[in-house]
Amino acid sequence: MAVETSVTCAVFGLGKLGASFAAVLGAAGLPVVGVDVDSRVVDAINRGEAPIQEPGLQDAMTRAGDRLRATTNAAEAVHSADLSFVIVPTPSDESGRFVNAYVARALDGIGQALATTDRYHVVSITSTVMPGAMDTELAPTLIGASGRAMGANLGFCYNPTFIALGSVIQNLTRPDLVLIGESDSRAGDLVEGVHRRIFETDPAVRHMNWANAEIAKIAINTFVTTKISFANMLGELCERTPGADVAAVTEAVGDDHRIGHAYLRGATAYGGPCFPRDNVALARAASDVGVEATLAEATDRVNRRQADRLAHIVERDCPPGGTVAILGLAYKPQTNVLDESPALTLAARLIDGGHRVLGFDPMVGVDAVPELPAFEITRRIEDCVDAADAVVVTTPSPEFAALPELARSAGRNPVVIDCWRLFPEATPGVRVVHPGRGTDPKDQPRPAVSARS
């Protein structure tokens, strides 16, 4: 298809994804107006300053220049735009289903603005929603507020992204897949044309109806979480099998082209704002239509027991009441996001077990975890290493490469539980333990299977 060159975009919601998306669009040469209820975010963008911490965002904003501006006025944005992307939170309720209150509020504001003009306009939902939400809830909200029917002067798409915080810019410009659930081909083609302005590669672009796109979005993330939990299950098996090593096993398994190596690595539990809840949401969506999503439920159970598994390994190698340092507090490197962080779950478990627990992450501030007051987050990695009987490496951050030298300089000989295998087992100055390697089974307490919280 021809790449659209004259579209003005509005981006509703200027969080980590929304601000990054708006900046990337502007850097690609498209006029963009961002919309957010937080005037501090709006003011920062209008000053040319990144409102949040995300690698590459400030550079993209600088390249966007005066093509990117922001406002708190939804009608102003809609009246100046041809295409509105809605990228607002869809939090999970107690059952695990996504709640559309913020999306509906944004659609109501967009619809009211559209009611005062007859220009053709496309609204594209980027926020993750439950299967069926576009048809039963969101489209009626937009139609009701705008007074328009789908087709002649209104298009409506579901266009979720597949990004990880810490690599949002790269994920937007070099995606594997762009998914477009469309009300009609005209609307879908406009959304595709805008995406093609920012591509640095030639990804697959899939056009389909709303329902297929809604299911595909959470199915992709759920399949990835299944691979992660499968690898961690193999890690547990290898730990109880003398001579076994999960790294060797997963390398062999991943060589089969039907399986592949991506995300097939025995390490820590998966975390973050998307993977855990997308997996649970798929199970809930299946349950809503009378389908047993046994595999998704088992994936979640395996993931939730990884904290107990890792805590048992630490306690086996750390003296009772000893000091444990956790390196890597965010759910992954290059971000400060703590949602469903494996490190925080482990810290709570070890604190409950009577240990002093210190933590360090180059991206996370010392006051980031008020709900765990006994968790001592330090400003320097040295402050952790100097006091630790055991060090747990929970993210593969390059800043942790200095750990063995720091331990030697401090005259310490801590055990290092190296979940991501940053160090060989024969590293001078520390005793490295790789989870997923078989030892004598009687030395491995069997972790309890946690019930889903």
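Values quoted throughout were computed directly from the atomic coordinates according to the rules given, and no laboratory measurement underlies them. The structure presented is a predicted model; accordingly, all values stated were derived computationally and were not measured. Note that we place each Cβ from the backbone using ideal geometry, even for glycine, and neighbour counts take in every protein chain shown.
Exposure proxy ranking for H121, H195, H257, H207, based on other Cβ atoms within 10 angstrom of each Cβ and starting from the fewest, stands as H257, H207, H195, H121. Given their separation in residues at 0.36 nm each and the Cα-Cα distance between them, F199 and R408 gain 70.6 nm when the chain is fully extended. Over the residues of the chain, the helix contribution to mean residue ellipticity at 222 nm works out to -12000 deg cm²/dmol, using -39500 (n - 2.57) for each DSSP H run of at least 4.
For region 9-208, the relative contact order is 19 percent, taking Cα pairs closer than 8 Å that sit 6 or more residues apart in sequence and dividing their mean separation by the residue count.
The share of alpha-carbon pairs in region 95-194 lying farther apart than 19 Å comes to 46%. Compute the distribution of all C-alpha to C-alpha distances in region 145-243, in bins of 10 Å from 0, and list the percent of pairs in each, rounded to whole numbers. Answer for region 145-243: a P(r) of 14, 33, 27, 15, 8, 3, 1 percent. Given Cα positions, please report Rg to Rh for the chain, the hydrodynamic radius being the Kirkwood one. Ratio value, two decimals: 1.01.
Bridging of K217 to aspartates and glutamates at a Cα separation below 15 Å is possible for D176, E182, D278, once same-chain residues fewer than 8 apart are set aside.
Counting neighbouring Cβ atoms within 10 Å and putting the fewest first, the residues F223, F98 line up as F223, F98. Note on region 207-363: Kirkwood hydrodynamic radius from all Cα pairs is 17.2 Å, rounded to one decimal. Compactness of region 177-235 was expressed as the Cα radius of gyration divided by 2.2 N^0.38 Å, which yields 1.45. Which percent, nearest 5, of DSSP beta bridges in the chain are antiparallel? The antiparallel proportion sits near 10 percent. The distance from the alpha carbon centre of region 265-312 to that of region 14-29 is 31 Å, rounded to a whole number.
Based on the Kirkwood radius over alpha-carbon pairs, what value in µm²/s does the Stokes-Einstein equation return for the translational diffusion coefficient of region 9-208 at 10 °C and 1.306 mPa s? It comes out at roughly 95 µm²/s.
Divide the volume of the convex hull around the Cα atoms of region 276-355 by the residue count and you get 102 Å³ per residue. Close amide H partners of I377, meaning residues 5 or more places away or on another chain with modelled amide H under 5 Å apart, are G359. Residues S167, S146, S95 in ascending order of nearby Cβ atoms (within 10 Å, fewest first): S95, S167, S146.
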